[in-house]
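Structure first, commentary second.
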Amino acid sequence: MSDHEKIVILTGAGLSAESGLSTFRDAGGLWAQHRIEDVATPDAFAKDPALVLDFYNKRRAQAAAAHPNAAHYALADLQQNHPGEVILITQNVDDLLEKAGAQPIHMHGALASALCFHCKNRWTFTGDMHQTTPCPACGRQTVRPDIVWFGEMPYSMDDILTHLETCTLFASIGTSGRVYPAAGFAQLAQDIGAQTIELNMEATSPQFHARRIGPATDTLPKWVSDLLQR
Ligand code: BV8
């Protein structure tokens with residue numbers, strides 16, 4: 001059994017790619033179909049709320065119909081069976097980790113959640129969201145996707161920084177490492193002496209101590225069984 005007291009894991013779109021959910025930067029990915037500034041910023045929502053709501057309604061329907069893959073189940077297994085602490089941080093807004101039995105921190109929000117931009121109420125949301133959708137707390141039609149857009153502060157940053165400052169192993173899974181502050185987590189962990197490993201389809205940066213290259217559904221089950229010494 002690995003003697004890592006605390007493992008912190010950051011995941012990105014590559015984790016859910018084999019469940020049929022588009023990544024962002026890969027060929028034909030989300031950002032090939034839409035400009036970030038048209039769908040994923042507060043200004044975009046102010047300028048054309050119908051376009052932004054439609055973008056997230058489509059993604060919410062896709063995610064609801066998707067199933068976890070072997071990589072999601074492997075991370076749930078590690079979180080449930082590793083003697084040390086395992087903190088899962090995801091940039092993903094789908095709920096495939098939860099469907100696999102894991103408990104992640106959604107630093108960029110979640111498709112299955114709504115936010116009232118008047119009273120800040122947040123609640124579980126399924127189906128399509130419209131400009132007329134009322135907030136169940138204040139009753140106003142001031143609802144938006146509970147997603148962290150560019151220029152907005154990610155969720156749970158204080159907890160995340162505390163975990164990064166106390167981990168012994170940091171793993172980066174299926175992320176291109178292009179979006180901050182998530183892209184800076186590996187360096188933060190390395191600075192406090194943690195071992196760092198990348199599991200991805202491609203090597204995204206030379207900074208990691210180790211890497212396992214390949215589809216997440218191949219690399220994750222092997223990596224987890226090595227950590228659990230099965
Ligand atoms: C903020 C929700 C201010 C929306 C998202 C410093 C330097 C430069 C810029 C900045 C900086 N600090 C801040 C910025 C600005 C900006 C930023 O980083 N811009 C980038 C573009 C340069 N950051 C922000 O705006 C952040 N907010 O800074 O607020 C602030 C700060 C402090 C205090 C107060 C205020 C907020 C960013 C969050 C935006 N929202 N998501 C939505 O989902 O619609 S970001 C979104 O894009 C994702 O959540 C994720 O974070 C990112 C996508 O990246 P990945 O998940 O990595 O996906 P990608 O497609 O790129 O890569 C997939 C990888 O998987 C590839 O490597 C591929 O090889 C691999 N792969 C593919 N298939 C597989 C696989 N791997 C394994 N198996 C496979 N099968």
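Nothing in this text is a laboratory measurement; each read-out follows from the coordinates by a stated rule. Computed from a predicted model, the values in this text were never measured in an experiment. Every residue, glycine among them, receives a Cβ derived from its backbone with ideal geometry; neighbour counts consider all protein chains shown.
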Listed by chain and number, the lysines with an alpha carbon less than 30 angstrom from that of residue 58, same-chain partners under 8 positions apart left out, are 47, 99, 120
Taking every other residue with Cβ under 11 Å from the Cβ of residue 171 and scoring Lys and Arg +1, Asp and Glu -1, one gets +1
Lone Cys, the chain, Cβ cut-off 4.7 Å -> 167
A correct fewest-to-most ranking of 142, 23, 11 by other Cβ atoms within 10 Å would be 142, 23, 11
Note on the chain: alpha-carbon gyration tensor, axes a ≥ b ≥ c; rule is a/c under 1.5 for rounded, else prolate if a/b larger than b/c, else oblate; result prolate
So residue 57 and residue 33, fully extended at 0.36 nm per residue minus their Cα-Cα distance, gain in nm 7.1 nm
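With both bridge residues required to lie in the chain, what share of the DSSP beta bridges run antiparallel, to the nearest 5%? List each step's numbers first, then the result.
Numbers: 7 of 30 bridges.
Here the share of antiparallel DSSP bridges comes out near 25 percent.
Report the charge-dipole magnitude of the range 80-147 in Debye, nearest 20, computed about the Cα centre from +1 at each Lys and Arg Cβ and -1 at each Asp and Glu Cβ.
The calculation lands at about 320 debye.
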In terms of the charge dipole of the chain, which places +1 on Lys and Arg and -1 on Asp and Glu at the beta carbon, the residue among 156, 170, 132 farthest towards the positive end is 132
Given the candidates 68, 100, 44, the one whose Cα lies deepest towards the positive end of the charge dipole of the range 39-104, counting +1 at each Lys or Arg C-beta and -1 at each Asp or Glu C-beta, is 44
Of all DSSP beta bridges with both partners in the range 43-171, the antiparallel percent, nearest 5, is 70 percent
Comparing 108, 34, 67 in a Gaussian network model of the chain (Cα, 10 Å), the one with the largest mean-square fluctuation is 34
The lysines whose Cα lies under 22 Å from the Cα of residue 6, excluding any fewer than 8 residues away in the same chain, are 222
In debye to the nearest 20, the charge dipole size for the range 69-209, taken about the Cα centre with +1 at each Lys and Arg Cβ and -1 at each Asp and Glu Cβ, equals 480 debye
